[in-house]
Amino acid sequence: MTASRGSRRPDGGHRVAVTGIGVKCPVGTGVQEAYESVLKARPTAGVVDLLVERGVSVTIASLVPPFDVDAYLTRREARQIDRAATLLLCAASDAVTAAGLTEGGGPPPERVGVQVGTGMGGLASMEQVTTDHWDSPGGLPVHTVPRTMANSAASRLALRYGFRGPCTTYSSACASGTTAIGEAARRIRYGELDAAVAGGVDAPVTTVIVGAFAKMRAMSARNGEPALASRPFDADRDGFVMAEGAAVLVLERWDAALARGVAILGEVAGYADNCDAFHIVAPIENGEMAARCMRRAIADAGLAPADIGHVNAHGTSTVLNDRAEARAIERCFGAGTLPVTAMKGVTGHLIGGSGALEAALGLLCAARGEVPPIANLGTSPEADLVDLVRSAPRGIPPGPVLSNSFGFGGQNACLVLVPA
């Protein structure tokens, strides 16, 4: 396995260590809290007053619980940035602190990159200023442009810490966070960077965004029972639950992390992405391209499908996507050959933030040998294809995890993470 080959990969590239994780998400505002929450499989969805007041047909979502933003940002900083950038900066602060990059022992600033994935960019802020100032553009806030830029969160992060390597924003729909982590790992693997702060974020719980997804019938309409609304792979699933949040990983060259003496949490060992090129919002029904993406990510890690300990599925709780993903997993691994979990039954769907959160928590699950159960899972039409974890965490030997992310536009992205 890749994890036993010193500091270099078989292809000569650098191994990529994970040395810090930070999260601000519906299941917790700290890593340990979030991990324990997904193991308990307690859904976080609830009624959102704003959606009720504005008459949106779907009135439920999963929100980040209140936390002390003042501990991370000055009041002035908080006024100048939008919700997504706030969540990203706070999550990144925890990750950077955990990795010790703020203590002067890390790589030179020009060798540290920032790679952020977001599906919605500054759309939430644009909605707000448009609603508030449609008839009075003269009153637009002076920070409107930097608040609404798609790359605002990444740029603010680089500015805060003085990281002067490539600062890139990726938008590949619901695969954005996974894409950002994978592309950051590639830059480190092939020597462009020594370290990167990489992750995903979105804050899409707004009138227009939720209303637009509801119009497509992509979201669950269980307004009266929000805790039962997100049910990946369940026979009665009727759509996803919108969520907000951010997750950030600090990645660095394995040998550099060892030299710094920082704790290594695991390795980003494999990454692949491709496109269905089939339909703007629906996946290929047989899962062909998603399966190819999985196989490529596993091969990129120097592993075989039999080496993977469990799959952290994209599992949105929509009929077509769950069915296609189950078929893709069966194509890659064979029917029922390894445990499959899906965290969105608990977290909701963070759009661009989901892949990063699931990679982070999936790595912890893989390291501790615990696969979380899928919330609200009863009878499943996919049970003959995949071994779905239900009712309670399942113990497995610590080992590699495959984390899947699939998005509108046919975007597929997969990561293989190996515990240290």
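The values are calculated or read from the model by the stated rules, or taken from the named source; none is laboratory data. Since we're looking at a predicted model, the values are computed, not measured. Counting neighbours? That spans all protein chains shown, and the Cβs are built from the backbone with ideal geometry, glycine included. Just the protein is used for accessible areas: all its heavy atoms, side chains included, with ligands, DNA and RNA removed. Shrake-Rupley method; radii C 1.70, N 1.55, O 1.52, S 1.80 Å.
May I ask for the net charge around Pro339, where only other residues with Cβ less than 11 Å from the Cβ of Pro339 are counted and Lys, Arg are +1 while Asp, Glu are -1?
Working: positive: Arg390, Arg394; negative: Glu370, Asp387.
Spelling it out: positives minus negatives among the neighbours equals 0.
Taking every alpha carbon pair in the stretch 224-306, what does the distance histogram look like in 5 angstrom bins from 0, in percent?
Result, from short to long distances: 3, 10, 12, 12, 15, 18, 13, 8, 6, 2, 0 percent.
How large, in percent, is the carbon and sulfur part of the accessible surface of the chain at a probe radius of 1.4 Å?
Numbers: 8090 of 15370 Å².
Taking all protein chains in place, the chain shows 53 percent carbon and sulfur surface.
Given Cα pairs under 8 Å that are at least 6 residues apart, what percent is the relative contact order of the stretch 97-187?
On the way: 114 pairs, mean separation 41.6, N = 91.
In percent, rounded to a whole number, it is 46.
Looking at the stretch 88-245, what % of its DSSP beta bridges pair antiparallel, to the nearest 5? All intermediate terms of the calculation are to be shown ahead of the outcome.
On the way: 1 of 12 bridges.
If I count the DSSP bridges inside the stretch 88-245, around 10 percent turn out antiparallel.
With a probe of 1.4 Å, find how much accessible area the stretch 333-401 has per residue, and write the answer as a whole number in Å². Walk me through the numbers before you get to the answer.
Details: 1840 Å² over 69 residues.
On a per-residue basis, the stretch 333-401 sits at 27 Å².
So what J values fall out for the stretch 307-316 if you push phi through Karplus, 6.51 cos²θ - 1.76 cosθ + 1.60 with θ = phi - 60°, rounded to Hz, Gly and Pro as x?
7, 6, x, 7, 10, 9, 6, 5, x, 7
In whole Å, what are the extents of the stretch 372-420 along the principal axes defined by its C-alpha atoms, from largest to smallest?
33, 30, 18
For the stretch 1-115, build the convex hull from the C-alpha positions and give me its volume per residue in Å³. Working shown, then result.
Details: hull volume 22.3 nm³, N = 115.
Looking at the stretch 1-115, the number lands at 194 Å³ per residue.
Across all directions of projection, what mean area in square nanometres is found for the Cα convex hull of the stretch 171-293? It would help to have the intermediate numbers written out before the result.
On the way: hull surface 41.2 nm².
So the Cα hull casts an average projection of 10.3 nm².
Taking the chain, how much of its Cα-Cα pair set, in percent, is spaced more than 35 angstrom apart?
21
Can you bin every Cα-Cα distance in the stretch 51-135 into 10 Å intervals starting at zero and give me the percent of pairs per bin, rounded to whole numbers?
For the stretch 51-135, the pair-distance distribution reads 12, 33, 35, 13, 6, 0.
Report the full-extension gain for the segment Asp70 to Thr102: residue separation times 0.36 nm, less the Cα-Cα distance, to one decimal in nm. Write out the running numbers ahead of the final one.
Details: separation 32, 0.36 × 32 = 11.52 nm, distance 1.88 nm.
Taking Asp70 through Thr102 to full extension adds about 9.6 nm, to one decimal.
Tell me which GluC sites (Glu not before Pro) from the stretch 274-377 have a DSSP coil assignment and no more than 14 other beta carbons within 10 Å of their own.
Working: sites: Glu285, Glu288, Glu325, Glu330, Glu358, Glu370; in loops: Glu285.
Passing sites in the stretch 274-377 are Glu285.
Rounded to the nearest angstrom and ordered from largest down, what semi-axes does the equivalent ellipsoid of the stretch 260-367 get from its C-alpha gyration tensor (root of 5λ)? Don't skip to the end; give the middle numbers.
Working: eigenvalues 109, 60, 38 Å².
Equivalent ellipsoid semi-axes, largest first: 23, 17, 14 Å.
Taking the convex hull of the alpha carbon atoms in the stretch 96-148, what volume per residue do you get, in Å³? Present the calculation step by step, with values, prior to reporting the outcome.
Numbers: hull volume 6.7 nm³, N = 53.
So the per-residue Cα hull volume is 127 Å³.
Cα atoms only: what Rg and Dmax, in Å, come out for the stretch 182-226?
Calculated on Cα positions, Rg and Dmax stand at 18.5, 52 Å.
For Asn286 and Asp236, calculate 0.36 nm times their separation in residues minus their Cα-Cα distance, and state this gained length in nm to one decimal.
15.9 nm
With an 8 Å Cα cut-off and a minimum separation of 6 or more residues, compute the relative contact order for the stretch 1-90 in percent. The partial results should precede the final answer.
Numbers: 68 pairs, mean separation 20.2, N = 90.
Relative contact order for the stretch 1-90 comes out at 22 percent.
Rg and Dmax of the stretch 307-414, Cα atoms, in Å?
When restricted to Cα atoms, the stretch 307-414 yields Rg and Dmax of 12.5, 36 Å.
Grab the beta carbon distance between Ala78 and Ala420, set R0 = 35 Å, and tell me the FRET efficiency rounded to 0.05. Could you put the intermediate results ahead of the total?
Details: r = 35 Å, r/R0 = 1.01.
Computed FRET efficiency for Ala78 and Ala420 comes out at 0.50.
For the peptides 67-77, 254-264, what is the packing order when you average, over each peptide's residues, the other Cβ atoms within 10 Å and list the highest mean first?
Details: 67-77: 12.1, 254-264: 17.0.
Those peptides, ordered most packed to least, come out 254-264, 67-77.
So what is the relative contact order for the chain, in percent, with contacts set as C-alpha pairs under 8 Å and at least six apart? Don't skip to the answer; put the middle values down first.
On the way: 1145 pairs, mean separation 100.3, N = 420.
For the chain, the relative contact order is 24 percent.
Based on the Cα coordinates of the stretch 66-195, what is the per residue volume of their convex hull in Å³?
Numbers: hull volume 15.5 nm³, N = 130.
Per residue, the Cα convex hull of the stretch 66-195 comes to 120 Å³.
With both bridge residues required to lie in the chain, what share of the DSSP beta bridges run antiparallel, to the nearest 5%?
Numbers: 40 of 60 bridges.
If I count the DSSP bridges inside the chain, around 65 percent turn out antiparallel.
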